[in-house]
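Inspection log for the structure reproduced underneath, given as structure tokens.
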Amino acid sequence: MQHHHPAGEETLALRASCDKIVALLGAPNSGKTTLFSSLTGKKRMIANWPGVTVDVAIGVVEDGGGGKTCLLDLPGTYGLTPTSPEEELAVKILLEQQPHIILVVLDSLQPETGLPLLIQAVEAFPGRVLVVLTKTSLAHSQGTHTDAETLARELGVPVVPLSVLEGRGLDELRDHIRRGRTGGRIRVDYGVIEPVLRELEGHPGTIEASETLRVSSRWLTTQLLVGDALLSEVLGKRGFGDLVGRASQKRRELEKSLGMEPRLIVASQRLRFAENLARRVVVRRSPASTGWQRVADAFMHPVVGPLLSVGGLLAIFTVVFTLNTGFPLNLLLHKAGLETLAGLLDNYNINSLLTTLFNDVGHWIEERIGGLAGSFIAHGVFGGVGFVLSFLPLIVMMFLALAILEDSGLAARMAVSLHPLLERFGLTGRSVFPLIMGFGCNVPAVMTMRGLGWEERMRAVFAAPFIPCQARLTVIFAFASVAVLAPLMQSLMVFAVYAVAIAVALATSYLAGIIVSRTTGGKVPVRLPFLLEVPDVHAPHWRVVWWYVRDNTIHFLRKAGTIVFLLALVTWVLLSTGPQGVAESIEDSFGWRIGGVVGGILKPLELDDRTARILGIALLDGLVAKEGVLAAIAVSTSMSSEDVVGALMGLGLSGVQSFAYLLMITLYFPCIATLSSMVTVTNRPRLVALYALYSISVAIGVSIASYKILDAIIG
């Protein structure tokens, strides 16, 4: 609801009535007003600011903790040196109201137009600037890309890419505002006038004036030197007339000595700074030829499109996962009887080579140092680092594939073609890439969900980990090969486990949609609207691809990698130490005791105590990585880790018990790397902890129910 109020105390006393003031600053038509409406909803009023006829929108947002944030939608402006009544009002409000956050809105369609204003804002208000890139989807569809990470690094400010159309970025922006995350630090070189600037900065009144207006002393002196009339007026009223007069004298001296006005030099240097920055952060691409456009449009055909999309994604994943783990080509080679080729692929894929390298270096470290310290460094510290880095090639290649699809325009077409299937479960076509990626590895699958809107991200993030990754497939194949002898029954067991897991994933997505809808007062529909800009197809630009891969990989290493490393250390401690100190065998470790407690969950499967304890240990090892399940069983049964078949046969499990245990292994969360990725993507540690409990509960419930039902039917 909008109200029209005259100027009055309510607009002049914002700092007294608001816990936080956020001013939206941007060029005309930059998307500023649309953003303002998205942040404030109907809680806003239109006010005439004192002394002018220009309207200013004021919005009030509750921060959830009882605090009140007031948003000011300032008139559009191209710079902080006013040239019109609208620009004068915008700058006047910034100087008088002194907002806690200056939210600079940058149009992704024309980023070069808004960069000069952004640079001036960072110069003037260091430490108080937050940047939003608007219209990102539309810009992408037209081949314009802005490197948000590099922009943030160059200016020292948080940068939030936003698409109101797709609902991406708003949640992150609100979080930045709520937490007061801002920044800003640059120094533009003004060349020949630098000595005079330094002299003015050293004037006794400069520091006091900059502190009074909460602006940088460098920007203040620069503006006085260019003859900023508004700033001079404001300073004069505050008792800094001497400073204004001194700057005016220096300006006249410079004009005489240089033969040109200082304002032209300042404008030229700021423009040069903006142009250099634009060259580093902005890329524009032209559409491809008509022939390529026709090929791309085939992806949107109602029949051919889904087939092309699924086929294309499977082809990409097959190449990526074969290079990294050998899967699934190694399985096909084994089935075809080409054991030599399959063996080469098993032993010489990237993951195997890295694992061998880290194991060899770890053993060397352990031998050189010796004792518990050597074991800790070799298997705890170095093993944790190796575990994190073992994901890196896979993640880099996945992000590379997605970057190429995104930048070329094919990803949008794939999303459109597969949307009708996914919308039945509360998702949209944007989720197709990460969900299918989950069949290879859940970690990059979750990481690629950062680009989804908040509602869809929350649904997909909690559904995707139920999809069996290739690590779980290894465990499923191993148990199936021992549990039943007939090839047909083995295939049925594998198929049944996958069918149950996918059903749980889709049901979880639907359930998450209902929960999200109810927690937002029914504002979010169970079936999300699907609005997507479909860009013209064009060849990917290497810089855009590099930005995407670099940013996401660094994000994984910085956030998820840290958590994975720490949890790997904890796991080593549990399995390597016990009440008597160093554990000589796994049976002496804390992990063995905890495994006994975990094994109690398996009692409804009618297992003996020893088998339940061993399988409990395997469940614990599966927390780190599902590949560890088989190794843990082998070690716990005193078999070599290579003799997995012998270890599984030694457990004496029936086919029904094996199937029930496989469901438990498959349905509880994949690994700590996936959990840490979920925390990174959602920024909701408590929700991820609840998901972990939920997945464990689902795994236990489905496992026990399946055992009881099948045992009653077969037994």
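The values are calculated or read from the model by the stated rules, or taken from the named source; none is laboratory data. As the structure is a prediction and not an experimental result, all values here were calculated from the model. Cβ coordinates were reconstructed from backbone atoms using ideal geometry, including for glycine residues, and neighbour counts include every protein chain displayed. Surface accessibility is based on the protein's heavy atoms, side chains included, excluding ligands, DNA and RNA. Shrake-Rupley method; radii C 1.70, N 1.55, O 1.52, S 1.80 Å.
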Self-check item: Residue satisfying condition, being under 19 Å from Val319 (Cα atoms) and touching a Gly at 6+ places or on another chain (Cβ under 9 Å), within set Leu392, Leu435
Solution: Leu392
Exercise. With the checklist (1) at pLDDT below 75; (2) in a helix (DSSP H, G or I) in hand, flag the one item Phe327 doesn't pass.
Key: (2)
Practice problem: Count, please, the residues in the range 215-267 that happen to be open to solvent by 10 Å² or more (accessible area, probe 1.4 Å) and over 30 Å from Ile101 (Cβ atoms). | Solution: 20
Quiz item: So is Ser390 touching a strand residue (DSSP E or B) at 6+ places or on another chain (Cβ under 9 Å), in a helix (DSSP H, G or I) and either under 17 Å from Cys671 (Cβ atoms) or modelled with pLDDT under 75 (or both) or not?
Solution: no
Exercise. Name the strands (runs of 3 or more DSSP E) wholly inside the range 74-192 in which the number of residues that are β-branched (Val, Ile, Thr), modelled with pLDDT of 90 or more and crowded, with 19+ Cβ neighbours inside 10 Å is 2 or more.
Key: 101-107, 129-134, 159-161
Self-check item: Contacts under 7 angstrom Cβ, first residue in the range 352-377 being over 20 Å from Pro393 (Cα atoms) and in contact (Cβ under 8 Å) with a residue 12 or more places away in the chain, partner among the hydroxyl-bearing types (Ser, Thr, Tyr) and part of a helix (DSSP H, G or I), 6 or more apart
Solution: Glu366/Ser375; Ser375/Ser576
Self-check item: Those helices (runs of 4 or more DSSP H) lying entirely in the range 630-715 with at least 2 residues modelled with pLDDT under 85, within 18 Å of Val475 (Cβ to Cβ) and under 32 Å from the mean Cα position of the chain (by Cα)
Solution: 672-682
Practice problem: Would you mind finding the one in Val304, Val319 that is within 27 Å of the chain's Cα centre (by Cα) and open to solvent by 60 Å² or more (accessible area, probe 1.4 Å)? | Solution: Val319
Practice problem: Quickly run through the range 434-449 and pick out the residues that are open to solvent by 10 Å² or more (accessible area, probe 1.4 Å) and polar (S, T, N, Q). | Solution: Thr448
Quiz prompt | Which listed residue, of Pro393, Pro420, is closer than 17 Å to Gly305 by Cβ and surrounded by fewer than 21 Cβ atoms within 10 Å (Cβ to Cβ) | solution = Pro420
Exercise. Looking only at the range 258-275, decide whether some residue is part of a helix (DSSP H, G or I), more than 38 Å from the chain's Cα centre (by Cα) and basic (Lys, Arg).
Key: yes
Quiz item: Can we say Leu452 is open to solvent by 10 Å² or more (accessible area, probe 1.4 Å) and either closer than 23 Å to Ile316 by Cβ or modelled with pLDDT under 80 (or both)?
Solution: no
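One line per residue, one yes/no per condition, for (1) over 30 Å from Glu149 (Cβ atoms); (2) in contact with an Asp or Glu (Cβ under 8 Å, 6 or more places away or on another chain); (3) without any contact (Cβ under 8 Å) to a residue 12 or more places away in the chain:
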| residue | (1), (2), (3) |
| --- | --- |
| Leu213 | yes, no, no |
| Val234 | yes, yes, no |
| Lys237 | yes, no, yes |
| Gly245 | yes, no, yes |
| Val266 | no, no, no |
| Arg280 | no, yes, no |
